[in-house]
Ligand code: FES
Ligand code: FES
C-alpha cells in the first residue's frame with residue numbers, strides 16, 4: 001500500500017503493508033531512529049510520538065491510519081533541542097541508559113501543551129504509561145515542573 005506520511009513537517013511517500021505499525025515506518029522507511037521499540041504491545045511508551053499533537057504509541061497504530069495527519073517524532077520536537085522539556089531534561093540530568101527517554105519527552109511535551117502547569121498527580125497520570133527500567137521517575141517529575149516554568 002502506497003501513501004503519504006507527514007513526519008516532522010515533511011511528506012514521505014511510503015509503500016508498506018497496510019497493517020505495518022507506524023513505529024517501523026518511522027524507523028525503517030523514514031529513517032528516524034530516535035523513536036524506540038520496547039514492548040510492541042502499547043505497554044511501555046518507548047515508541048511515543050505525537051499525531052496531531054496528541055501522544056500516540058506508534059507500535060500500536062498502523063502508519064496507514066495516520067496518513068494525512070501530522071506526525072512528530074523526538075527529532076522534530078525542536079530544531080536545536082531547545083524545547084523546554086529537552087532543556088529541563090538536561091538541567092535535571094534525567095536520562096540514565098536513555099532508552100525510554102524519547103518516549104518520556106514526547107509524553108511530557110504533550111502533557112505541557114494541554115496542561116501548562118500540571119500538578120504531581122496530573123504528571124503521574126499523564127506519564128503512567130511510560131515505563132523506565134532505570135527508575136528516573138522522580139527526575140522526570142522534577143524536570144516537567146521545571147519545564148512548566150519556562
Ligand atoms: S513499544 Fe510501543 S508501547 Fe512499548
Ligand atoms: S533511562 Fe533507562 S529505561 Fe529509562
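The values are calculated or read from the model by the stated rules, or taken from the named source; none is laboratory data. Only a predicted model underlies this, so the values are computations on that prediction, with no experimental measurement involved. Here Cβ is always computed from backbone atoms with ideal geometry, including for glycine, and neighbour counts include all displayed protein chains.
Odds and ends about this structure:
- Only one of the numbered conditions (1) surrounded by fewer than 16 Cβ atoms within 10 Å (Cβ to Cβ); (2) farther than 23 Å from residue 135 by Cβ is not met by residue 41, and that is (2).
- Test: residue in region 65-85 that is under 20 Å from residue 135 (Cα atoms) and out of contact with any strand residue (DSSP E or B) (no Cβ under 7 Å at 6 or more places or on another chain): yes
- Test for residue 68: is it within 14 Å of ligand 2 (Cβ to nearest atom), more than 16 Å from residue 146 (Cβ to Cβ) and assigned to a loop (DSSP other than H, G, I, E, B): no
- Taking the criterion of being loosely packed, with under 14 Cβ neighbours inside 10 Å and within 16 Å of ligand 1 (Cβ to nearest atom), the residues of region 66-102 that qualify are 97, 98.
- Of the residues making up region 115-124, just one is within 20 Å of residue 51 (Cα to Cα) and either within 16 Å of ligand 1 (Cβ to nearest atom) or loosely packed, with under 13 Cβ neighbours inside 10 Å (or both), namely 116.
- Tallying residues that are in contact (Cβ under 8 Å) with a residue 12 or more places away in the chain, touching a strand residue (DSSP E or B) at 6+ places or on another chain (Cβ under 6 Å) and either assigned to a strand (DSSP E or B) or more than 24 Å from residue 79 (Cβ to Cβ) (or both) within region 4-48 yields 10.
- Test: residue in region 118-135 that is without any contact (Cβ under 8 Å) to a residue 12 or more places away in the chain, in a helix (DSSP H, G or I), under 23 Å from residue 33 (Cβ atoms) and not assigned by TED's automatic domain parsing to the domain that holds residue 51: no
Each row is one residue, and each column tells you yes or no for (1) out of contact with any helix residue (DSSP H, G or I) (no Cβ under 9 Å at 6 or more places or on another chain); (2) within 21 Å of residue 124 (Cα to Cα).
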| site | (1), (2) |
| --- | --- |
| 48 | no, yes |
| 52 | no, no |
| 72 | no, no |
| 82 | yes, no |
| 93 | no, yes |
| 98 | yes, yes |
| 102 | no, yes |
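- Selected residue [at pLDDT 95 or above and farther than 19 Å from residue 105 by Cα] from 23, 5: 5
- Close pairs from region 139-150: first under 10 Å from residue 118 (Cα atoms), partner surrounded by 24 or more Cβ atoms within 10 Å (Cβ to Cβ), Cβ under 9 Å, at least 6 apart: 144/85; 144/88; 144/108; 145/88; 148/88
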